[in-house]
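The values are calculated or read from the model by the stated rules, or taken from the named source; none is laboratory data. All figures in this text were calculated on a predicted structure; none of them were measured in a lab. Positions of Cβ are generated from backbone atoms using ideal geometry, with glycine treated the same way; all protein chains shown enter the neighbour counts. What goes into the accessible areas is simple: the full protein's heavy atoms, side chains included, and nothing from ligands, DNA or RNA. Shrake-Rupley method; radii C 1.70, N 1.55, O 1.52, S 1.80 Å.
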Amino acid sequence: MKRIILVIGAKGMLGRDLMGILPSSFPNDEILGWDIEEIDIQEEDTLFKIEKLRPDIVINIAAHTNVDGCESDEEKAFAINAEGAKHAALAALKCQAKMVYLSTDYVFDGNKREPYLETDPPHPLNVYGRSKLRGEQYVQELLKDALIIRTQWLYGKYGKNFVTSILRQASEKRTLSIVNDQTGSPTYTIDLAKAIVVLIQYGTRGIFHVANSDLCTWYIFGQAILKLSGMDKVRVVPISSKELGLPAIRPSYSVLNCQKLKKETGLTLRPWSEALKDYLATYRPTRGKPGDREGK
Ligand SMILES: NC(=O)c1ccc[n+]([C@@H]2O[C@H](COP(=O)([O-])OP(=O)(O)OC[C@H]3O[C@@H](n4cnc5c(N)ncnc54)[C@H](OP(=O)(O)O)[C@@H]3O)[C@@H](O)[C@H]2O)c1
């Protein structure tokens, strides 16, 4: 029987890539993509709108993803990332739909210094991480078979992100200062979108960590971006997070252990450096929707 798969946050960076592959991945199902124009998950009428559609799967990737912006507007961060997640989860409960919720490495504080397991206790350092963790908790409290996917350091074709920011700055400046005391795994939205499909196809539930393999700092990632783009004449200076002075504290180490994904589906995402090569091979500037942010 034909199912209805609803993506909320369909016009964001990950959303567009996911919308690109869902039809061929689930050819017998109907795929619908909603974003802020169709539904505002902060509002309680989210429930009725989703209930009316009666989807079989709800993939909620809508979020307030401006990490520093969340520090100055905690209310908005929680309204979207936590209460919004709750509204979508309540609707999924009402429709008996499968819920997929996207979360973040920023639920961790970075003190472990080893790749984080799904079972490690979360301890977010910033408002964004706390609001996403509350979203996770609502989803888990309401839905026993929900799938929660934590990912990190996303970049993709649709939307501003670290890669687009480095390339833009490199075209304007001769020296770039990049943070060298945060370690993670840059993740290409195309690879993540494919993993989301696989996790749904395998009928998985619970928390899964999904990121490209291997780790680096933002500084190493920045150097790789410049080298692969033939811009390695630009000088790169390593700096500390303190020197950069952004409002939100980030974990110094938030690498995700993705062994559970491998164990349950056989999937391992390729190394971030390979994914980056692919991304840069097709990179065209200014393809996001107007008003896109700088990513995380
Ligand atoms: N980006 C990362 O590095 C990263 C890392 C870890 C986890 N994640 C998670 O992965 C998911 C996708 O991230 P992304 O980078 O693709 O995000 P994104 O580009 O910011 O996309 C999110 C989409 O949700 C929409 N949205 C915002 N508030 C909404 C609301 N109240 N109701 C309905 N839609 C709303 C946004 O619209 P506007 O653009 O108009 O606000 C945007 O189109 C998010 O859940 C995020 O928390 C992201």
Give the accessible area for Lys11 in Å² (nearest 10); use a 1.4 Å probe, count only protein heavy atoms, and leave out ligands, DNA and RNA. 80
List the relative contact order of the chain as a percent without decimals, with contacts defined as Cα pairs under 8 Å and 6+ residues apart. 21
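Work out how much length Ser24 to Leu246 would gain on full extension: take 0.36 nm times their residue separation and subtract the Cα-Cα distance, in nm to one decimal.
75.9 nm
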Might you report the magnitude of the Cβ-based charge dipole of the chain about its Cα centre, with Lys and Arg at +1 and Asp and Glu at -1, to the nearest 20 debye? 860
Cα axis of helix 218-228 to longest principal axis of the chain: angle in degrees, 0 to 90, nearest 10? 80
On a 0 to 90 degree scale, rounded to 10, what angle separates helix 272-281 from the longest Cα axis of the chain? 90
Candidates per trypsin sites (Lys or Arg not before Pro) in region 138-221, loop by DSSP, up to 14 other Cβ within 10 Å: Lys144, Lys173, Arg174
How much net charge surrounds Ser177 when only the other residues with a Cβ under 11 Å from the Cβ of Ser177 are counted, with Lys and Arg +1 and Asp and Glu -1? +1
Would you list which lysines come within 21 Å of Lys112, measuring only between C-alpha atoms, while excluding same-chain residues fewer than 8 positions from it? Lys132, Lys242, Lys260
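What does the convex hull of the Cα atoms of region 152-296 come to per residue, in Å³, rounded to a whole number?
122
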Could you state the number of Å between the C-alpha centres of region 1-70 and region 91-120? 18
Given 83-91, 21-29, the highest-first ranking by average Cβ count within 10 Å works out to 83-91, 21-29
Percent antiparallel among DSSP beta bridges confined to the chain, nearest 5, equals 5
Can you check what the net charge comes to around Met231, using other residues whose Cβ is under 14 Å from the Cβ of Met231 (Lys, Arg +1; Asp, Glu -1)? +4
Okay, helix-only estimate at 222 nm for the chain: each DSSP H run of n ≥ 4 adds -39500 (n - 2.57), divide by all residues, round to 500 deg cm²/dmol; what do you get? -11000 deg cm²/dmol
Charge dipole of region 1-158 about the Cα centre (unit charges at C-beta), most positive-ward option of Ala77, Thr104, Ala92: Ala92
Taking the 0 to 90 degree range and rounding to the nearest ten, how far is the long axis of helix 13-25 tilted relative to the main principal axis of the chain, both from C-alpha atoms? 50
Report P(r) for region 1-150: all Cα-Cα distances, bin width 5 Å, range 0 to the bin holding the largest distance, values in whole percent. 2, 10, 19, 22, 20, 14, 8, 4, 1, 0
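Against the empirical 2.2 N^0.38 Å scaling, what ratio does the C-alpha Rg of the chain come to?
Normalised Cα radius of gyration, the chain: 0.96.
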Determine how large the accessible area of Val236 is when every protein chain is in place; take a 1.4 Å probe and give Å² rounded to the nearest 10. 30
Would you please classify the overall shape of region 83-202 from the alpha carbon gyration tensor, given that a ≥ b ≥ c denote the square roots of the eigenvalues, rounded means a/c under 1.5, and beyond that prolate means a/b larger than b/c while oblate covers the rest? prolate
Could you look at the chain and say what percent of its accessible area is carbon and sulfur, using a 1.4 Å probe and all protein chains? 50
